[in-house]
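Everything below concerns the one structure shown next.
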Amino acid sequence: MARYRLERIASLARQLKFVPVAVRDRQLAAAEELLGSIEPSKAYPLDFVTFRITGFNLPAGEEALLAGIALQHDLGLLIEDVSVTLDQRTEDRREPVLSIDDLCRTFNVTSKTLQRWRRKGLSARRFIFPDGKRRVGFRLAVVENFLSRHGPSVRRASNPTEISAGEHQAIIRHARRMAKGCSAEEICRRIARRLDRSPLTIDATLRKHDAENPNEAVLMNAQPALREDERLIVQESLDAGESIRVAAARVRRNSGAVYAIALSARLERLTKRRVKFFDDPLYHQDDAFQSLTAMQRQGDLAPAESAEQSRVPGELPSYLRSLYSFPLLSPAKERALFLLFNYHKFRFVTACRRLDPAKARARDIDSLEHLRKAYIDVRNRIAQANLRLVVSVASKHVRGGVTLMELVSEGNIVLLRAIEGFDTHKGNRFSTYATLALMKGFARSVPQLQTAARKLRGDPERLAELACRGDAPWERPALRDEARRIFDSLTAADRDAAQMRFDFANLAPM
């Protein structure tokens, strides 16, 4: 099952599993009603959400805002998750329960369309159906409520042949023009994007036309779809940084044939990792970016760091002294940067949520890449201002066989993770949070680095064991190779000591 994005909702789901069954059923119905009213672009107080579901108010001080886009996802997950504990059978419900197949057949849509509807707020529970199997089911009241809110889009998706005569002519005209250079899949995708229709609608329209007019068939003239081996060649070419035109030439196709693959690859790279953010009421205002920019400027007016703060430790290697050229952040500037960092992530997540992959254009993906670059740039600014903290903590964890530079490299990774997980709303300074994260990180990594260093230096005890065998190690190829490998990995001083103690003259490098 998918994972919760909001810990408060995950905690609420765990609590609902322990209330009486009758109460639990009513609370799930309340959660379904709430989910149907959530707007992804808004933020909702935790107390409001909890009261709507349970009827209880939170204790004073339990104030938090939940992003609508994350709340919509988690409420759907909560309903499905908690419903499993009810063990409800469809025949025991007074109201009808529709299965996925029932909905697909009723509205003439695919299961993929149902997934999109569920992301828009169509809640589902897990019921035990007459065949004894537990599957996803939809209460009739929930479906009717969803239809009342999203009727036009549902009707449009459920009627692929319900198009005007003008649209029909435009579809045929565009398809004929693109058939010589594009596959059927690409033709449907492009026309769907141009006419703001589902690709399935375009495909159904064209196939119906071809069946009724075999002498004027369109899709039969389309290019065959790329084979799997051709897709792999295209993907490797694009991954190597080659242009779409070059990738198309490698499989002897035109650029349009590989354009969709290029867009899909870019979109997958952007969305394969889940992006988390800490919401703020400011993000939902029209002038959010201007307000955050003004907060940064105010932070820049803070007093400069003292001479003690800017002093470079004398024992620090020269290649690490440049880190002190980045000034420390004032509390106001730090808070402004973290708010801006999460604002850009909020916009990125919202844009991903609204984007239909089947209709994605290059400019849509360009916009996503711009938003991703924006929050990465802010993250890097925060990291640069805290690199000296990494050096400070790392210098206290230097041990035998582990260099300061190795610890700094490990610490930089921990620092980036700490930036992602820091919530400025809790009132703490980031340096406090990052110091604890670095100490925990070094507690795990230092022993691992020491073990790796010992392996690189070789194992003198194993070398002594080989030397003391009844037969000299160089008389057996396998043992000789092992002894030479260990011998060569020793330091010069250790090699001299080994030669003095054991007869290893024959192990010297050729």
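One table, with the values for the structure above:
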| read-out | value |
| --- | --- |
| Which of K440, K120, K345 has the fewest Cβ neighbours within 10 Å, and the rest in rising order | K440, K120, K345 |
| Pairs from K276/K333; K373/K426; K276/K359; K208/K272; K345/K426; K17/K133 whose Cα-Cα separation, in the structure shown, is over 28 Å | K208/K272 |
| In segment 1-85, the chymotrypsin sites (Phe, Trp or Tyr not before Pro) that fall in loop regions by DSSP, at most 13 other Cβ within 10 Å | F18, F56 |
| Segment 197-212 residues near the modelled A170 label - backbone nitrogen below 11 Å, point 7 Å along Cα→Cβ | 197 |
| Loop-located GluC sites (Glu not before Pro) in segment 6-80 whose Cβ has at most 14 other Cβ within 10 Å (DSSP) | E62, E63 |
| Student exercise, segment 7-158 dipole from Lys, Arg, Asp, Glu Cβ charges, in Debye to nearest 20 | 540 debye |
| Leading residue at positive end of dipole, segment 160-225 (Cβ point charges), from T205, S164, A179 | A179 |
| Per-residue Cβ neighbour rank within 10 angstrom, fewest leading, I365, I9 | I365, I9 |
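Throughout, read-outs are computed from the coordinates displayed, never taken from laboratory work. Bear in mind that the values here come from a model prediction, so they are computed numbers and not experimental data. Counting neighbours? That spans all protein chains shown, and the Cβs are built from the backbone with ideal geometry, glycine included.
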